[in-house]
Amino acid sequence: MKTLCLLLVLVISGCSGLITKWECASSPCIDRDRAVNKCLAQANSALSRKKRNIWEQCMRGEGFHQVPCARGEHRTNKDCQLLHVF
């Protein structure tokens, strides 16, 4: 199902989206899954048009930065996504 959703997003967007992941930019970072859950909760409590900004600000505030995934990495790394906040 996830693959189908990714395919639909790529078709709709014209493959213009960049598949990315969040990595620790400066030590020490909290556990990535804890940061994701914390930032997702903050983003979900906001108005829909601001979710992405809140998500990105929160992740950066936790010491993470967004980096592009290597070609084909989305097949082997669950952290590689086109969209991080839905």
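The values are calculated or read from the model by the stated rules, or taken from the named source; none is laboratory data. No experiment lies behind these values; they were computed from the predicted model shown. Using ideal geometry, Cβ is built from the backbone for each residue, glycine included, and neighbour counts are taken over all protein chains shown.
Quick notes
- Restricting the stretch 11-27 to residues that are in a loop (DSSP other than H, G, I, E, B) and closer than 14 Å to GLY61 by Cβ, the residue that is modelled with the lowest pLDDT: SER26
- Summed over the stretch 32-51, the residues that are part of a helix (DSSP H, G or I) and either on the phi > 0 side of the Ramachandran plot or surrounded by 13 or more Cβ atoms within 10 Å (Cβ to Cβ) (or both) give a count of 10.
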